[in-house]
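Just so it is clear, none of the values below were taken in a lab; they were calculated from the coordinates. Remember, predicted model here, so these are calculated numbers, not experimental data. Cβ atoms come from the backbone with ideal geometry, glycine included; neighbour counts cover every protein chain shown.
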Amino acid sequence: MAWIFSLSAECGATQDAAERFANHFNESSWVSSSEEAWTCSTQVFQDGESNWWCMVCPNGLSEIGVISPEDAHQMTKVGLLLYRRLRSAPSLRYALVGVEVDEFRTYSELVTEGQLDILVAGLVLAEEVWKQMGSPAGFRSFKSGYLWKPYEGEVYSPLMASSELREKLNELLVVSSSP
């Protein structure tokens, strides 16, 4: 199973809005100071609530998640570039960068009160959506008409990436749960 790193944006009820968003990112490319290069491809799709999404996928990144500190560093670098480009993007309702963030929450899930667990770092909200959510704390200006919880980057977790380390942890948990 692939674990894709992307920028995913929910663009509302019209396919045209998602297509405009996709065109803004399609074939975008960056070259870093270390000569790494990334080109983006886009995919437009509709969710179960009939809202339109655009997923922006930079090529050349791990498709099995963050399995090393180097992966976390590279994905964070590209994540910052995606957020920079997002500042000049056409309208959207909300967006997030990360691993497996495509269709991370439907619109109704997002605006339902009591869903504070989904207010994660990197979440960008149109001001109207933020207000519908009850103006949750911790958001700051992203660009005119948009707020965000600042991006904190991708994280390498050795216990998630290494089956050997997970086994050692499981051994500890079994011993600690014995009387």
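Some points to look at:
- Against the chain, whose longest principal axis is taken from its Cα atoms, helix 163-177 shows a tilt of about 60°.
- Other residues whose C-beta falls under 11 angstrom from the C-beta of Ser144 contribute a net charge of +1, scoring Lys and Arg +1 and Asp and Glu -1.
- For the chain, the longest principal axis of the Cα atoms and the long axis of helix 15-25 meet at an angle of about 70 degrees.
- Using the rule -39500 (n - 2.57) for each DSSP H run of four or more residues, divided by the residues of the chain, the 222 nm mean residue ellipticity is -9500 deg cm²/dmol.
- Within the chain, all pairs of alpha-carbon atoms sorted by distance into 10 Å bins from zero give the percentages 9, 34, 32, 16, 7, 2, 0.
- Cα-Cα P(r), region 60-142, percent of pairs per 10 Å interval: 15, 45, 31, 9
- Straight-distance crosslink candidates among lysines, where the alpha carbon sits under 27 Å from Lys149 and sequence neighbours closer than 8 are dropped: Lys77, Lys131
- Within a Gaussian network of the chain (alpha carbon springs, distance under 10 Å), most fluctuating of Val31, Val124, Val66: Val31
- Taking Cα atoms only, the orientation of helix 69-86 departs from the longest principal axis of the chain by about 10 degrees.
- Charges were assigned to the Cβ only: +1 to each Lys and Arg, -1 to each Asp and Glu. The resulting dipole of region 5-153 about its Cα centre is roughly 660 debye.
- Those residues of region 150-164 whose amide nitrogen sits under 18 Å from the label point placed on Val174, 7 Å along Cα→Cβ: 163-164
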